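Only the coordinates and a few stated rules stand behind these numbers; no lab work does. All figures in this text were calculated on a predicted structure; none of them were measured in a lab. All Cβ positions, even for glycine, are placed from backbone atoms using ideal geometry, and neighbour counts span all protein chains on display.
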Amino acid sequence: MSLATPVEQNTAPSQSLPDLFARYHVGWETRDPALIASLHAQDGVFHLHDGSEPVHGREALRRHCAGLFARFEFGFEMGRRLYGADHWVFEWTMVLALREPGGAAFTARVEMIDLVTLNRAGEVTRKDVYMNGAQAQAAFARAGVAR
């Protein structure tokens, strides 16, 4: 039994994946929920694999991102980007500005991997985000954030 499915012919986006990645990443770097959502397919899925449920659809994704940006101040350290016919894998480190319950500021670093699939129109149909669980748990526990 194989879990892999072959890539169908002519499903690759018509634009270059590095160009699509750059356009998409601007939304995250500038913390722009509307821009991020506009680059997803109408029925796209965003799933942060931290125990939370997947987010379905553009408007729900826009609201989800707005909540993320309101709750957490984070930046990116870029890592590898690997491109396939209709997807990319992006390794990055989330750099979080957090505070301990007593108020002392600290910076946490959490290794992340994004797996992003696109349709022929260049829209994100699915984004799965995986984080280093031990690093995330340690950072949020130190900040007193219930996860």
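Annotations for the structure displayed:
- All positions within the stretch 43-63 that are free of Cβ contacts under 8 Å to residues at least 24 places away in the same chain and not acidic (Asp, Glu): Ser52, Pro54, Val55, His56, Gly57, Arg58, Ala60
- Among (1) touching a Phe, Trp or Tyr at 6+ places or on another chain (Cβ under 7 Å); (2) assigned to a strand (DSSP E or B); (3) closer than 21 Å to Arg31 by Cβ - the single one Phe74 does not satisfy: (1)
- Residue list for the stretch 33-77, filter: of a type in the set (A, V, I, L, M) and under 15 Å from Tyr130 (Cα atoms): Val45, Leu48, Val55
- Pairs linking a residue in the stretch 122-147 that is closer than 30 Å to Pro13 by Cβ to a residue that is of a type in the set (D, E, K, R), with Cβ atoms under 7 Å and 6 or more positions apart or on different chains, are Lys127/Asp114; Val129/Asp114; Met131/Asp50; Asn132/Glu111.
- Scanning the stretch 91-106 for residues that are in a loop (DSSP other than H, G, I, E, B) and of a type in the set (Gly, Ala, Ser) gives Gly102, Gly103, Ala104.
- Residues that are among the polar types (S, T, N, Q) and assigned to a strand (DSSP E or B) were ranked within the stretch 107-147; the one that is surrounded by the most Cβ atoms within 10 Å (Cβ to Cβ) is Thr117.
- Yes/no for Arg99 being surrounded by 13 or more Cβ atoms within 10 Å (Cβ to Cβ) and under 23 Å from Ala141 (Cα atoms): yes
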